[in-house]
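Asks: Quick one: the structure is below, questions incoming.
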Amino acid sequence: MMQIFDIDGEKLNSIKIDFSSEEYHIEKPFIVNDILKKKEKIPEIKVYPDLNILKEIGFILYGKELDKENRWAKRQKHSLHLRQLEAPIEKTFKKLIRLPTNHYIELDINNSKVRVHGDFVDLREKGVWQEY
Amino acid sequence: MALGKTYTKEINPGILDDEERFKKIPITDIPIMISDSGEIVCIPRENEVFSAAIVGSSGMGKTMLGNFLVSQLYHSMGYNVALMNDLSDETYSWSDAMQNIRFQQYTRWWINQGPCPSPLVYIFPNTNSITIPDDKLKYKNYLKTVLPFNEILDDLEFYLKGVLSDFELGKSGNYINDLKEELFQCETPEQVKEVLEENLPGKEGKSFESMRTKIFNAFNNLMREEILDITNPECHALLKIKEPEEFISNPFSVIMKAKGIPSLITSDLINKKYKSVLISYYVKNIFKNHLKDFPGEKTFLYFDELRTICEKDDEPASKAIADVSARGRINNVGLIYATQFYDKIPNSVKGAKLNYCFTFRHNNAKVLNEIGSDFDLEKTSKDKIKNLKTFECIGLTNKTFVCYMDGERYEVSKPIKGHIIYPIANHMKPSAEK
């Protein structure tokens, strides 16, 4: 521990921090790459304003009810989660029958991928493509 | 004959176990945000320091991005960081780990980093109105500081202008210069007064009376403001560490040397005339001694709401920050600032000297035009800025960003729209703190 002193060599009582403690150690950021993932073609994106396309490709859009303090967008009640038909889901997920206003589905038809766009999409899944 | 494991994998890659199939790729650059396409957008790690602005309306996520960036510079890059202007006591929460579960999940999901506090030490410049919020700082680290006496004597007129804006010491300054040696020895304000009484001319006659009055007034003003306090042992002008070797310097540099992050609490300075002078002293001191104090290391100075200390070109703090902006690369000192009022920031600090700008929603046409001209922004990008949601921003650069996606690392120089990565240190508006 690196101790801080005043100019006369007295220890500073108001600084008790141990800057080298484990508390301040964190693993450096990283991403995980699937080495078996196929090389992608140049995307061709098609936009769909409703959920019908999801039925065709075997996906369901779920909503998960959020407490007031966990909402991040105006007029939000749910977070949105896109899952494959047979994928395991959380108990609190409820199937949605229509897309909220200003939300849409995107398909990259060259790479067989889908994602949902809009403010209510779970932030961790925002921008994430899923293969269909 | 049995086939070797390696050969088997070559003909049937499907047998790879998870450890072999999912490769961990370290992010060696400074992550900033997630683009709309799911790329991790980073400021490239380079040999030279950079300067960056974070611009946007209030409540859009500027300070949150600042908090995240500070953690990354400190924890992931190993750089020194000093927070130079906490006007609203917002950094009190930064010395805790992120508590919001949703923010934790998000950051872990994208860059595999969990919550972690920043090792902050709060610096309170002593004034005649300072109160330390003991309840908020019960388990935190802090100290009170004063400006060093010899520093003030060396440039008395500069500091007195911070207390009395129209003060001119003029030729009277020569009398102070002659007394410096004796004044340096003083340990109390009374001793300072005695030295001045004894040695300034005009003690008996009237010929130098106005000069004497001027100098006495000047010292009285400094003492009254208590930014200069040579008697209070709880207020520190200099600090030291003894190991691995003795290092004596201003409180900011000593805390950074000890691997902490100093945070200058300026909430008490809002209406003080000498605020600019005081910040200027610390910025100049860190900057001019950096190569000597931190050889081979990089240091970043982070200013929140820069306009509150830096609006006109001729202000002391503006000049000091402009120096960092213009010559930071030479001394290895980088600059990051957040502001709502990009158009009000002096030209000596922004413009071509900026390498990166992260702009949150803003409707002020003047601000958008200034950003547009500094970063060659097209009209469509300006329109996008107006329509950004909370925590969304557009990254602009005169150099390049580095993006990580699908195991690849590549450079991008165009504007990128995305969502900030939530801080790993806690983040609360002061009003929300318990």
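Each value in this text was obtained by applying a stated rule to the coordinates, not by laboratory testing. What you see is a predicted model, and the numbers here were worked out from it, not measured in a lab. Every residue, glycine as well, gets a Cβ built from its backbone with ideal geometry; the counts of neighbours run over all protein chains shown.
Asks: Looking at chain A, identify the longest residue range that excludes and avoids all GluC sites (Glu not before Pro) in DSSP loops having at most 11 other Cβ atoms within 10 Å.
Replies: It runs A:91-132.
Asks: Where the only charges are on Cβ atoms (+1 Lys, Arg; -1 Asp, Glu), what is the dipole of the protein assembly as shown about its Cα centre, to the nearest 20 debye?
Replies: So the dipole magnitude of the protein assembly as shown works out to roughly 2540 debye.
Asks: Which number comes out as Rg/Rh for the protein assembly as shown once both Rg and the Kirkwood Rh are worked out on C-alpha atoms?
Replies: 1.06
Asks: Another question, then. Taking +1 at the Cβ of each Lys and Arg and -1 at the Cβ of each Asp and Glu, which of B:425, B:183, B:41 sits farthest along the dipole of the protein assembly as shown towards its positive end, judged by Cα position relative to the Cα centre?
Replies: Positive-most Cα among the choices belongs to B:41.
Asks: Under a 5 Å amide H to amide H cut-off, with H placed in plane at 1.01 Å, what residues pair with residue A:113 once short-range neighbours are removed?
Replies: Result for residue A:113 returns A:108, A:132.
Asks: Here's something else I'd like to know. Considering all projection directions equally, how large on average is the shadow of the alpha-carbon convex hull of region B:72-215, in square nanometres?
Replies: So the mean shadow area of the Cα hull is 13.1 nm².
Asks: Here's something else I'd like to know. When chain B is treated as a GNM, springs tying every alpha-carbon pair under 10 Å, which of B:135, B:314, B:89 comes out with the largest mean-square fluctuation?
Replies: B:135
Asks: Using Cα springs under 10 Å in a Gaussian network model of chain A, which residue among A:21, A:112, A:79 shows the largest mean-square fluctuation?
Replies: A:21
Asks: When the convex hull of the C-alpha atoms of region A:1-122 is computed, what volume per residue in Å³ does it have?
Replies: On the way: hull volume 30.0 nm³, N = 122.
Given the Cα convex hull of region A:1-122, per-residue volume reads 246 Å³.
Asks: If contacts are Cα pairs under 8 angstrom and at least 6 residues apart, what is the relative contact order of chain B in percent?
Replies: Reported relative contact order: 30 percent.
Asks: Once Rh is set to the Kirkwood radius over Cα pairs, what Stokes-Einstein translational diffusion coefficient, in µm²/s, holds for chain B at a temperature of 20 °C and a viscosity of 1.002 mPa s?
Replies: Details: Rh = 23.9 Å.
It diffuses with D of about 90 µm²/s by this estimate.
Asks: Further question on the same structure: Please list, or write none, the lysines whose alpha carbon is within less than 28 Å of the alpha carbon of residue B:242, excluding same-chain residues fewer than 8 places away.
Replies: By straight Cα distance, residue B:242 reaches A:11, A:16, B:138, B:140, B:144, B:257, B:259, B:284, B:288, B:292, B:298.
Asks: When the dipole is taken about the Cα centre of chain A, and only Lys, Arg (+1) and Asp, Glu (-1) are charged at their Cβ, what size is it in debye, to the nearest 20?
Replies: Using only the charged Cβ atoms, the result is roughly 980 debye.
Asks: Distance between the C-alpha centers of region A:49-64 and region B:236-308? Whole Å please.
Replies: 55 Å
Asks: I've got another one for you. Express as a percent, rounded to the nearest 5, the fraction of DSSP beta bridges in the protein assembly as shown (both residues included) that run antiparallel.
Replies: 65 percent
Asks: Near residue B:240, within a Cβ-to-Cβ distance under 14 Å, what is the net charge of the other residues, with Lys and Arg +1 and Asp and Glu -1?
Replies: With Lys, Arg at +1 and Asp, Glu at -1, the neighbours total -4.
Asks: Which value, in nm² and rounded to one decimal, describes the direction-averaged projected area of the C-alpha convex hull of region B:279-390?
Replies: Result: a mean projected hull area of 7.3 nm².
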